[in-house]
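Take a look at the structure set out below.
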Amino acid sequence: MGEIEDAIERAGREAFTRQPPKTLKAQIGYLLKQFGSAKAVAAELGVTADSVNRYRRGARKHARADVAAKIDNAVRQRWQPQVRKRRQKQAAATTGITVETRARFGYSAAVGTTDDGRFRRLTVHLPPAYAQRLFDARDTGANDQQMRGIIADGLKEVYFQDGGGRAMGLSDVEINDIDYLDLDY
């Protein structure tokens with residue numbers, strides 16, 4: 001996963017209306033319902049089916065730290081998919097998406113102006129159309145660079161050009177060297 005897809009995933013996790021299972025036994029029980037068999041869960045986690053069954057029965061109360069992290073991540077990725085879809089649909093239709101980032105921005109501008117990239121820390125609310133484009137790109141398997149382009153287009157319009165009020169000679173904005181990027185919708 002790329003940085004943008006990770007940020008979308010983290011934002012989706014904030015939409016949970018109930019917390020996912022916390023105990024190892026409950027997490028494995030949830031994954032078994034999702035995957036249908038201990039063998040499928042084991043393949044997802046990189047452990048044996050016997051280990052999965054031991055976790056399910058409670059014979060093993062604690063997993064290794066790396067396996068426990070994989071289990072927690074697998075549960076959180078699949079937890080409350082309808083709630084996530086509803087929040088994404090709402091963001092794409094009415095509320096939009098908020099981007100908070102610290103990154104180096106480079107741009108192409110008119111002759112006589114500087115186009116040197118520099119680090120900026122921005123928190124910008126993008127309109128619903130950009131949220132829709134971002135979710136559609138992720139769903140169609142777009143790479144991280146393509147999703148960066150969508151966010152850069154939104155930042156160009158909303159932040160740099162202020163909705164058409166300034167910097168109209170600015171043609172391309174690029175996001176480089178992302179220090180951090182968070183999304184909220």
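Computed quantities for the displayed model
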{"item": "Residue list for region 2-19, restricted to those being β-branched (V, I, T) and either in a loop (DSSP other than H, G, I, E, B) or over 9 Å from the mean Cα position of the chain (by Cα) (or both)", "result": "T17"}
{"item": "Filter result for A93 (of a type in the set (A, V, I, L, M), under 21 Å from the mean Cα position of the chain (by Cα) and either buried (at least 18 other Cβ atoms within 10 Å of the Cβ) or not in a helix (DSSP H, G or I) (or both))", "result": "no"}
{"item": "Near pairs, Cβ below 7 angstrom, 6+ apart or cross-chain, from region 146-157 (within 14 Å of G106 (Cα to Cα) and open to solvent by less than 20 Å² (accessible area, probe 1.4 Å)) to any residue that is of a type outside the set (V, I, T) and modelled with pLDDT under 90", "result": "A152/E174"}
{"item": "Qualifying positions in region 121-136 - surrounded by fewer than 18 Cβ atoms within 10 Å (Cβ to Cβ) and either of a type in the set (D, E, K, R) or closer than 18 Å to D6 by Cα (or both)", "result": "R121, T123, D136"}
{"item": "Test: residue in region 13-29 that is closer than 30 Å to K156 by Cβ, open to solvent by 50 Å² or more (accessible area, probe 1.4 Å) and touching a residue at least 24 places away in the same chain (Cβ under 8 Å)", "result": "yes"}
{"item": "Scan of region 30-40 for residues that are without any contact (Cβ under 8 Å) to a residue 24 or more places away in the chain and either in a loop (DSSP other than H, G, I, E, B) or open to solvent by less than 30 Å² (accessible area, probe 1.4 Å) (or both), ordered by number", "result": "G36, S37, A38"}
{"item": "Pairs, first closer than 10 Å to Q132 by Cα in region 78-92, second open to solvent by less than 70 Å² (accessible area, probe 1.4 Å), C-beta under 6 Å, six or more apart", "result": "Q88/F135; A91/I97; A91/A131; A91/Y185; A92/P128; A92/A131; A92/F135"}
{"item": "Any chance A74 is in contact with an Asp or Glu (Cβ under 9 Å, 6 or more places away or on another chain) and either at pLDDT 95 or above or more than 21 Å from G149 (Cα to Cα) (or both)", "result": "yes"}
{"item": "Enumeration of residues in region 96-116 that are modelled with pLDDT under 90 and not in a strand (DSSP E or B)", "result": "A109, A110, V111, G112, T113, T114, D115, D116"}
{"item": "Any hit, region 101-113, residues being free of Cβ contacts under 8 Å to residues at least 12 places away in the same chain, more than 30 Å from V173 (Cα to Cα) and open to solvent by 40 Å² or more (accessible area, probe 1.4 Å)", "result": "no"}
{"item": "Failed item, numbered, when K61 is tested on (1) open to solvent by less than 90 Å² (accessible area, probe 1.4 Å); (2) basic (K, R); (3) in contact (Cβ under 8 Å) with a residue 24 or more places away in the chain", "result": "(1)"}
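The values are calculated or read from the model by the stated rules, or taken from the named source; none is laboratory data. Quantities reported herein were computed from a predicted structural model and do not represent experimental measurements. Note: ideal-geometry Cβ built from the backbone for every residue, glycine included; neighbour counts use all protein chains shown. Ligands, DNA and RNA are stripped out before the accessible areas are found, and what is left, the full protein with its side chains, is counted by its heavy atoms. Shrake-Rupley method; radii C 1.70, N 1.55, O 1.52, S 1.80 Å.
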